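Below is one structure, written out as structure tokens, with a few remarks after it.
The values are calculated or read from the model by the stated rules, or taken from the named source; none is laboratory data. Predicted model, so just to flag it, every value in this text is computed and none were measured. Here the Cβ positions follow ideal geometry from the backbone for every residue, glycine too, while neighbour counts run over all protein chains shown.
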Amino acid sequence: MSIRRILCTFALALATTAATAAPAGGGVDPSKLSKAQIDQMLVPSALLRAAAMYKEAGDAERLTWTLERLVALQPNIGDLKLALAGAYAAQGEKTKTYDLLLAMQRVGYGYELGGNHSFDKVADTRVWTYVVDNLKANLKPFGEGKIAFSLPAGDHLYEALAWDPLRKQLLVGSVRDGTVMRADADGKLSSFIAPDKDNGLWSVYAMAVDADDDALYVASTASLYFKGFDKDNYGKAGVFKFRLSDGKFLAKYIVPASDQPNTLSSIAAGGKGLVFAADGLRNVIYRLDGGALKPMVVNPRLTSLRGMALSGDAKTLYFADYALGVFGVDLVAGKAFDLLYDPERITLGGIDGLYWYDHNLVAIQNGMTPHRVMRIALDTDGRSVTGAMPLDAGNAAFELPTYGTVAGDALYFVSNSQRNAYDGYGAPKDEHKLAAPNVFKSDLRFAWGSGAFKAARAPGKPPAVISDSKPGSGVFSNVDGGSQSVTGN
């Protein structure tokens, strides 16, 4: 995203909420806020509104302070850091601009900044040339993964994938049709599960397999995207259980009704009926318990829950927040924890899909420039990152990589999701322009054990502590207000 687009977003936020930015009665005038006052602000949306106002007013100093505070609160959003670098550059702050951009380059960000006029005031040195060249180098494609096959084009919105290890085949779910299809090695689809009056299935957003229990769990939502949408079902969502071997409908578990619509956008399953489903809009993780979905993680400061991954021993659930990074829940203790890592060596923001593989987490980062698939090694306790490397990055096929599934030593995922080709009412903007979804295959053991798999922190240097929570504390200390993150076992 360009700096201009970021600041246009700020301007839109300001235009839609201008009344909240203006002082009322004896309130504080935002145009007179000090740096100390801005550093006390905790709500990113309010900071975005303030940034838009300062940009419009030409108040470069307060715009910079506001962006610095936003980056402090949401350190995993590269677009905010790029905007901050642009703000430094606009004031001729060469050292701050170079240092920030080089720090971003070291963790993998790539941009083409040559000729970008936002940086004209700092673009007259050899150091700037070095910065530009290194950021550009990060855009080069990396990895040995490739497109495995393409799914049929058309108005299906295939997003969900799952792997049936017994029959060695992929399952493909449709947001538009509410169907689950079997896919052969060439991507040819055959019918498996379809919505009917018995199962009541809606849009298929995510799937998880428990092969030992011969079970397929489907996270489904009565969304506007569903062709069979019935307004009486709006806001309903649930987990639907089918027999994996033949698709027979077994049970469904509906999220309890509330004054807000529900959405289930991701799911994870382990043995013995262990199932978790996440509402990525309301930022709630539910656990299937006693035949009902019960809230397990509730935190109003989380921004957008995405993928989840259950550890191999089923004792830890990891989940990604798109802006804030990766967190975990100790399922035995029923407590939350921060995943510790060195932010100077790796960024954990912009993650959509998250998976477990051989004591590693595997992340699909589509909020990163360039888009990439990362393998993240964990310490023996699963609470900190010891190493990380990209498996595939900057591939031309990565138009919008989203969710996938682990199949043996491979990760299969949709690399060009068509979700942006649909409007806010769930209809295709132009059905004739819907492309065939590509299923990409990354090798999870790529460069396994080689020198390329370096520690995520310098030898002898402890990881930078960006939070002071301890495993089992129940506190997400790098999320404001996170002391009550877990509400039940």
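Starting from residues that are over 18 Å from the mean Cα position of the chain (by Cα) and of a type in the set (D, E, K, R), keep the ones in the range 368-404 and report whichever is surrounded by the most Cβ atoms within 10 Å (Cβ to Cβ). Among residues in the range 368-404 that are over 18 Å from the mean Cα position of the chain (by Cα) and of a type in the set (D, E, K, R), the one surrounded by the most Cβ atoms within 10 Å (Cβ to Cβ) is R383. Restricting the range 271-286 to residues that are surrounded by 21 or more Cβ atoms within 10 Å (Cβ to Cβ) and not aromatic (F, W, Y), the residue that is nearest to the chain's Cα centre (by Cα) is G280.
Here is a yes/no grid of residues against (1) of a type outside the set (G, A, S); (2) in contact (Cβ under 8 Å) with a residue 24 or more places away in the chain; (3) in contact with a helix residue (DSSP H, G or I) (Cβ under 8 Å, 6 or more places away or on another chain):
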| site | (1), (2), (3) |
| --- | --- |
| N76 | yes, yes, no |
| K94 | yes, yes, yes |
| T97 | yes, yes, yes |
| F119 | yes, yes, yes |
| Y130 | yes, no, no |
| E144 | yes, yes, no |
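Among the residues of the range 197-234, which ones are surrounded by fewer than 17 Cβ atoms within 10 Å (Cβ to Cβ) and either without any contact (Cβ under 8 Å) to a residue 12 or more places away in the chain or at positive phi (or both)? Matches in the range 197-234: K197, D214, D230, K231, D232. Could you please give the count of residues in the range 406-464 that are of a type in the set (S, T, N, Q), modelled with pLDDT of 95 or more and in a loop (DSSP other than H, G, I, E, B)? Within the range 406-464, residues that are of a type in the set (S, T, N, Q), modelled with pLDDT of 95 or more and in a loop (DSSP other than H, G, I, E, B) number 3. For the range 471-487, does any single residue satisfy the condition of being assigned to a strand (DSSP E or B), at pLDDT 95 or above and buried (at least 16 other Cβ atoms within 10 Å of the Cβ)? Looking for residues that are assigned to a strand (DSSP E or B), at pLDDT 95 or above and buried (at least 16 other Cβ atoms within 10 Å of the Cβ), one finds none in the range 471-487, hence no.
Cβ-Cβ distances below 6 Å connect the following pairs, each with a first residue in the range 369-380 that is under 13 Å from F446 (Cα atoms), a second residue that is acidic (D, E), and a separation of six or more residues or different chains: V373/D392. For beta carbons closer than 7 Å, sequence separation of 6+ or different chains, a first residue in the range 171-196 that is farther than 21 Å from S223 by Cα and a second that is part of a strand (DSSP E or B) and of a type in the set (S, T, Y), the qualifying pairs are R182/S190; G187/S150.
Those strands (runs of 3 or more DSSP E) of the range 233-278 in which at least 3 residues are aliphatic (A, V, I, L, M) and under 23 Å from F192 (Cβ atoms), considering only elements entirely within it, cover 249-254, 266-269. If you go through the range 207-228 and keep only what is under 23 Å from L244 (Cα atoms), among the charged types (D, E, K, R) and assigned to a loop (DSSP other than H, G, I, E, B), you end up with just D214.
It is to be established whether one or more residues within the range 161-184 are within 25 Å of I285 (Cα to Cα) and at pLDDT below 95. No - not one qualifying residue is present in the range 161-184.
Quick grid of which residues meet (1) farther than 20 Å from S417 by Cβ; (2) out of contact with any Asp or Glu (no Cβ under 9 Å at 6 or more places or on another chain); (3) polar (S, T, N, Q); (4) modelled with pLDDT of 95 or more:
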position	(1), (2), (3), (4)
G228	yes, no, no, no
S245	yes, no, yes, yes
I254	yes, yes, no, yes
A292	yes, yes, no, yes
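Counting only residues that are in a strand (DSSP E or B) and out of contact with any His (no Cβ under 7 Å at 6 or more places or on another chain), the range 378-392 holds 9 of them. Restricting attention to the range 119-152, the residues that are among the basic types (K, R) and closer than 30 Å to H432 by Cβ total 1.
In the range 428-439 there is at least one residue matching the filter, namely being buried (at least 16 other Cβ atoms within 10 Å of the Cβ), over 17 Å from the mean Cα position of the chain (by Cα) and under 19 Å from G307 (Cα atoms).
Count of the range 287-309 residues, restricted to those that are within 13 Å of G273 (Cα to Cα) and crowded, with 16+ Cβ neighbours inside 10 Å, is 3. One residue is enough: does the range 262-270 have a residue meeting the conditions touching a residue at least 12 places away in the same chain (Cβ under 8 Å), over 22 Å from Y403 (Cα atoms) and surrounded by fewer than 24 Cβ atoms within 10 Å (Cβ to Cβ)? There is no residue in the range 262-270 that is touching a residue at least 12 places away in the same chain (Cβ under 8 Å), over 22 Å from Y403 (Cα atoms) and surrounded by fewer than 24 Cβ atoms within 10 Å (Cβ to Cβ).
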